[in-house]
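The values are calculated or read from the model by the stated rules, or taken from the named source; none is laboratory data. Bear in mind that the values here come from a model prediction, so they are computed numbers and not experimental data. A quick note on method: Cβ atoms are made from the backbone with ideal geometry, for glycine too, and the neighbour counts reach across all protein chains shown. The area values use the complete protein model at the heavy-atom level, side chains included, leaving out ligands, DNA and RNA. Shrake-Rupley method; radii C 1.70, N 1.55, O 1.52, S 1.80 Å.
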Amino acid sequence: MSPVFPMLTVLSMFYYMCLRRRARTATRGEMNSRRAIESNTRALPINVEIVQYAKEVLDFSSHYGSENSMSYTMWNLAGIPNVYPSSGDFTQTAVFRTYGTWWDHCPSARLPFKRTPPTFCSQDYVELAFEEPVYPTAVHILETYHPGAVVRILACSANPYSQNPPAEVRWEILWSEAPTKVNGPQARQFTPCIKQINFPTNLIRLEVNSSLLDYYTELDAVVLHGVKERPVLSLKTSMIDMNDIDEDEDEEKYGCGMDTLNKQFSIVTLREWPTNGYFDKLPYELIQLILSHLTVPDLCRLAQTCKLLYQHCCDPLQYIHLSLQPYWARINDTSLEYLQSRCTLIQWLNLSWTGNRGAISVSGFSRFLNFCGSELVRLELSCGHFLNETCLEVITEMCPNLQELNLSSCDKIPPQAFNHIAKVGSLKRLILYRTKVEQTALLSILNFCSELQHLSLGSCVMIEDYDLIASMMGAKCKKLRSLDLWRCKNITESGIAELASGCQLLEELDLGWCPTLQSSTGCFTNLARKLPNLQKLFLTANRSVCDTDIEELAANCTHLRQLDILGTRMVSPASLRKLLESCKDLSLLDVSFCSQIDNRVVLELNANFPNVFIKKSFTQ
């Protein structure tokens, strides 16, 4: 027989196996439609397609706008487009709080968690509800300024308008990619090829990563296309992606990561081997070092191989720093229960984005901290909507060594609950962005937590007198290095004077969108003279900032790295040149909507100071 025939037989068998894999994947609804389009897969036209805009914004992690306004808020994503197809900076769009990497290079920047899987790069999210549950066929995202931030699109099995909550809430990734740099800030309709799922949905979640953007991304609307009946796929496969086979095999073998972790945590039947090969010759510490590079799902899988590796994978030293945020859709009470015995030495814990829609209960969270909280130093709970007063009480009782607490966007915590935080006198970092903390509770916290170095009070709308808060900071928080007062509505020159006199170690100060501050009172001049260590100063949208303020910064704050004076009408090119010549470390200067700084001036300054990113936004 010719040697060609065995080869043809092998290729035929391989081709048949590929088709079977593709068919099985399609029937479970696990096919990535980006690959499906590459392989000419088409849905049979058995349904009429429904096209709908988002009815409501249910949840989000941050936004640029105010809690009491529509400008630049996530709520602009509900309904039909306001701006598209126009390009530019418009207040009627949805804008997240940050962009670029500037926030990673300032005094308040936090150290990243190790073991974050490379596939998880999301920084912010927004969840949108639609009127009709459908099997999605397409998702259109209308981006009107600096597109390219969306990195994941997910669909949820829960109907937010149903009177009967489901026993199990499932999330499926429709599309996911690493962040990419998009050339130009112009508007576009982003329509990625989405995966088909096996349940109808009217709850879509967008996750974004703005680290590669030169400015804030702006989203105008989201359009969901879908059909009421589950589509039947026809296979016309003409090309097989070899990588697809490997990934599908891995998914079939292990489930979808955290989906099977609860089972993996509880497996106790392990294989018996006469020896452990070369692992018997390796020092315990070296094996621990090798395993420290594995993600949490990989640790759980490896623990099933043999007793030796089970012992290593369950060693509490492997869980000193633990981030469960990448697996937010899969974490529940059972997950925390199985992790308890491994987390007795845990020091850093990230539960941000987890536990919503009943996945984590107050009792489950309390049991976990009761068992594992004694050594906790850092606790991240951003967007944890299951948190209530009992949870904060448990945190303060069970975590006596806590130094960092992040409650960003935990807007379901009642105002009186924040009084418990005052019991944690060791706190050095406290993030209360977009919470309902009230003045009385905050004064108590500042009085008893004198070790605070980093404090975020951005968009805390229930505080009545920020001057009183600033006075208390100046009196009690002498070690404060960074302070976020973004959009505080009532601080005046009196509060700024108390703050500058008492907190002279400040290196970072955000006074963006604080309309009651006026340059004519000398408040900004006083800041520049009293705070020589300033590295970041945001005076965003303060129309009164003038040349005198800029010249004082140039004379006194030579370590300045980031300055935002967006919207001022009183700053001239001459004062900016003095600033750039004096502040050699300056890397970010935002002069968007500064009426005296036109594009010609920006080009000239860029040419003379190439190491500084000078931002000039526009509107068409």
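Out of everything in region 262-310 that is modelled with pLDDT under 90 and charged (D, E, K, R), what residue ends up being nearest to Phe113 (Cα to Cα)? For region 262-310, the residue satisfying everything is Lys263. Taken over region 152-195, the criterion of being closer than 25 Å to Gly355 by Cβ and in contact with an Asp or Glu (Cβ under 6 Å, 6 or more places away or on another chain) is satisfied by Arg152, Ala155. The strands (runs of 3 or more DSSP E) located wholly in region 468-547 that include 3 or more residues which are closer than 25 Å to Ser582 by Cβ and modelled with pLDDT of 95 or more occupy 508-510, 536-538. Among the residues making up region 580-598, those that are under 33 Å from the mean Cα position of the chain (by Cα) and either not aliphatic (A, V, I, L, M) or not in a loop (DSSP other than H, G, I, E, B) (or both) are Leu580, Cys583, Lys584, Asp585, Ser587, Leu588, Leu589, Asp590, Ser592, Phe593, Cys594. Annotation note: Cβ proximity below 6 Å between a residue of region 96-111 that is under 24 Å from Glu67 (Cα atoms) and a residue that is hydroxyl-bearing (Ser, Thr, Tyr) and not in a loop (DSSP other than H, G, I, E, B) (sequence gap 6+ or interchain) occurs for Ser108/Ser482.
Exactly one residue out of Ala155, Ala129, Ala221 is open to solvent by less than 10 Å² (accessible area, probe 1.4 Å) and in contact with a helix residue (DSSP H, G or I) (Cβ under 8 Å, 6 or more places away or on another chain): that is Ala221.
Looking across region 368-385, the residues that are open to solvent by 20 Å² or more (accessible area, probe 1.4 Å) and out of contact with any Phe, Trp or Tyr (no Cβ under 7 Å at 6 or more places or on another chain) come down to Asn370, Phe371, Ser374, Glu375, His385. All conditions in (1) open to solvent by less than 60 Å² (accessible area, probe 1.4 Å); (2) closer than 25 Å to His454 by Cβ hold for Pro400, with the sole exception of (1). For region 476-496, which positions are open to solvent by 10 Å² or more (accessible area, probe 1.4 Å) and out of contact with any helix residue (DSSP H, G or I) (no Cβ under 6 Å at 6 or more places or on another chain)? Lys478, Lys479, Arg481, Asp484, Arg487, Lys489, listed by residue number. Scanning region 70-107 for residues that are within 17 Å of the chain's Cα centre (by Cα), of a type outside the set (Asp, Glu) and surrounded by fewer than 20 Cβ atoms within 10 Å (Cβ to Cβ) yields Thr98, Gly100, Thr101, Trp102, Trp103, His105. The number of residues in region 112-137 that are aromatic (Phe, Trp, Tyr) and over 21 Å from Ala158 (Cα atoms) comes to 2. Specify the residue that is least open to solvent (accessible area, probe 1.4 Å); the eligible residues are those in region 338-367 that are in a helix (DSSP H, G or I) and small (Gly, Ala, Ser). In this case the residue turns out to be Gly364. Can you find a residue that is among the hydroxyl-bearing types (Ser, Thr, Tyr), at pLDDT 95 or above and within 24 Å of Val134 (Cβ to Cβ) anywhere in region 64-81? No.
Summed over region 560-581, residues that are open to solvent by 10 Å² or more (accessible area, probe 1.4 Å) and touching a residue at least 40 places away in the same chain (Cβ under 8 Å) total 3.
Would you check which residues across region 166-208 are surrounded by fewer than 16 Cβ atoms within 10 Å (Cβ to Cβ) and among the aromatic types (Phe, Trp, Tyr) and list them? Answer for region 166-208, where residues must be surrounded by fewer than 16 Cβ atoms within 10 Å (Cβ to Cβ) and among the aromatic types (Phe, Trp, Tyr): just Phe199.
A residue that is touching a helix residue (DSSP H, G or I) at 6+ places or on another chain (Cβ under 9 Å), in a helix (DSSP H, G or I), at pLDDT 95 or above and of a type outside the set (A, V, I, L, M, F, W, C) can be found somewhere in region 324-331.
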